[in-house]
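The values are calculated or read from the model by the stated rules, or taken from the named source; none is laboratory data. Note that the coordinates shown come from a computational prediction; the quantities given were computed from them, not determined experimentally. Methodologically, a virtual Cβ is constructed for each residue, glycine included, from the backbone with ideal geometry; neighbour enumeration extends over all protein chains shown.
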Amino acid sequence: MAKRLRDVCNLREDEALWRAGRGFVVRDLPWSDEKLREIPPFEFENWAVIALGGIPNKAQVGDMGIDGRIFPVGSKPAEAAAKGKKGATDHMFAEDWFPIQVKQTDKVGRPDIDSFEAVMERENRQRGYFVAFGYSRDAEQECAGYHKRSGRFIKLLTVQETLDELHVQKM
């Protein structure tokens, strides 16, 4: 798209020109593993949640262990939104959603998974997603054990799988 804007529309990729309405700026893409390691943590969280097709939390501090939510296709609004409660939107009160936890670290360990399990229990969610650069063997084993004990799924997704769009197959 950037090439077409340059070649066909004769626009330049320049922040100042973009602000003046005479240029363009490419945002968010292309991302790389290296670039994602360097961006600020809250920007990384937003990238990960949006890359999964979720909605990031507006509050980034005090989020109770939920960095974002995925609303499956066909989610129905909860009673508050269905009854026209003031300020309610379809997704804000949808009954069917999955929590997303994001860590900008190379190896998420079992303590992080234990914390996310508590979120899953508190919110009574059957499925949740965790995004990081990598996971320890203990973390992977804990997810499998949690599923056996509770029937709930925690899907571990790596940043590289998300960049390569392989996460869709695991969801």
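Quick look at the values:
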{"item": "Counted residues, the range 123-141 - those being more than 15 Å from residue 157 (Cα to Cα) and without any contact (Cβ under 8 Å) to a residue 40 or more places away in the chain", "result": "4"}
{"item": "Segments classed as helices (runs of 4 or more DSSP H), wholly inside the range 41-138, with at least 2 members that are over 24 Å from residue 151 (Cα atoms) and either modelled with pLDDT of 95 or more or in the same structural domain as residue 166 (by TED's automatic domain parsing) (or both)", "result": "41-51, 79-82"}
